[in-house]
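To keep things clear, I will list the structure first and then write my remarks on it.
The values are calculated or read from the model by the stated rules, or taken from the named source; none is laboratory data. From a predicted model like this one, the values you see are computed outputs, not experimental measurements. Only protein heavy atoms, including side chains, enter the accessible area calculation; ligands, DNA and RNA are left aside. Shrake-Rupley method; radii C 1.70, N 1.55, O 1.52, S 1.80 Å.
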Amino acid sequence: MAAPVIVLEDVHLTLGSARNAVHVLKGVDLSVRAGESVGIVGPSGSGKSTLLMVLAGLERADSGLVQIAGQALEGLSEDRLAAFRGQNVGIVFQSFHLIPNMTALENVAVPLELAGAANAFHRAEAELASVGLKERVHHYPGELSGGEQQRVAIARALAPEPAILIADEPTGNLDQETGRQIADLLFAEQRRRQMTLVLVTHDKTLADRCDREVAVRAGRIVPEAPTSHARPAVEPAL
């Protein structure tokens, strides 16, 4: 059995202060194996997106262990944490978060350049081709459809070849058919690269495609029902 690449032990996090303080995560324990796909589900306000941000190192836990790819995040400086995240964790958001005055190629290449990667633009072009955007590399986000923008965001997340891909409602802003295509792409790339995939979703169909579902309620992980998700024998068309 693969070793865990994500380990959380008794993680607590409170957001806000004084009368506005909200205890969002309440003693969360979670272990995710290398190469596993996990769907995090739960009602709005349950803490699932905050949990994802803790996994990505974008929110710091108040207490407890957060260990990602063998590295405990507690005590890392902001610079070291950002460098670690850039090398190990790719992130895809619901709202794409592309830079509007940069082309698709620049959106993918610039983070690589900032990280000191060699041949950043060549790597970016290859990643865009891998997500089906070979002919759209010089288009700006405003010239792309929502599905194409999300493909750019996925290419940007995958370009550093992270061990872990984290996705927060990756199909939430897309119509049903485009969302299905994006989901196909995410799972195909996860299998091809043998990455760990952790995603938050309200879409039961998307969650069912994961190896395992983790339900969050009121800041706690609730016991999961046994599930068995067979992976398709044939790669879906992208």
> Helix 146-158 versus the longest principal axis of the chain: what is the Cα-based angle in degrees, 0 to 90, to the nearest 10?
Replying inline: 70 degrees
>> I want to verify a result. In a Gaussian network model of the chain, Cα cutoff 10 Å, which of these has the top mean-square fluctuation: Q71, Q149, Q190?
In response: Q71
> Rounded, prolate or oblate: which fits segment 127-194 when a ≥ b ≥ c are the square roots of the eigenvalues of the alpha-carbon gyration tensor, with rounded for a/c under 1.5 and prolate only if a/b beats b/c?
Replying inline: oblate
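Can you pull the percent of segment 134-202's accessible area that's carbon plus sulfur, 1.4 Å probe, other chains left in place? Could the numbers behind the result be given before it?
On the way: 1150 of 2730 Å².
Of all accessible area on segment 134-202, carbon and sulfur atoms account for 42 percent.
Under the rule of -39500 (n - 2.57) per DSSP H run of 4 or more residues, summed and divided by the residues of the chain, what mean residue ellipticity at 222 nm is obtained, to the nearest 500 deg cm²/dmol? Don't skip to the answer; put the middle values down first.
Numbers: 7 runs with 78 residues, N = 238.
The per-residue figure over the chain is -10000 deg cm²/dmol.
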> What's the center-to-center distance, using Cα atoms, between segment 128-190 and segment 60-127 in Å?
Replying inline: 16 Å
> So what's the Cα pair-distance distribution over segment 58-129, bin width 10 Å, in %?
Replying inline: 16, 41, 30, 12, 0
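With a 1.4 Å probe and all protein chains left in place, how much of the accessible area of segment 1-131 comes from carbon and sulfur atoms, in whole percent? Write down the numbers at each step before the final one.
Working: 3280 of 6450 Å².
Carbon and sulfur: 51 percent of the exposed surface of segment 1-131.
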> Of all DSSP beta bridges located in the chain, what percent are antiparallel, nearest 5?
Replying inline: 55 percent
>> Can you tell me the orientation of helix 104-114 relative to the chain, as the angle in degrees between its alpha-carbon axis and the longest Cα principal axis, to the nearest 10?
In response: 60 degrees
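In square angstrom, what is the accessible area per residue of segment 36-84 with a 1.4 angstrom probe? Please report the intermediate quantities before stating the final value.
Values: 2070 Å² over 49 residues.
About 42 Å² of surface per residue is accessible.
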> Quick one: Karplus J couplings for segment 51-57, per residue in order, coefficients 6.51, -1.76, 1.60, θ = phi - 60°, nearest Hz, x for Gly and Pro?
Replying inline: 4, 5, 5, 5, 4, 7, x
> If you look at just the Cα atoms of segment 19-89, how large are its Rg and its Dmax in Å?
Replying inline: 12.9, 42
>> Only bridges whose two residues both fall in segment 71-199 count here: according to DSSP, what percent of them are antiparallel, nearest 5?
In response: 0 percent
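I'd like to check one number: the per residue accessible area of segment 88-144, probe 1.4 Å, reported in Å² as a whole number. Each step should come with its number before you reach the end.
Working: 3040 Å² over 57 residues.
Per residue, segment 88-144 has an accessible area of 53 Å².
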>> Past the 29 angstrom mark, what percentage of all C-alpha to C-alpha distances in the chain do you count?
In response: 28 percent
> Can you run phi through the Karplus equation (6.51, -1.76, 1.60; θ = phi - 60°) for segment 19-34 and list ³J(HN,Hα) in whole Hz, with x for Gly and Pro?
Replying inline: 5, 8, 5, 10, 7, 7, 10, 10, x, 7, 10, 7, 10, 10, 6, 4
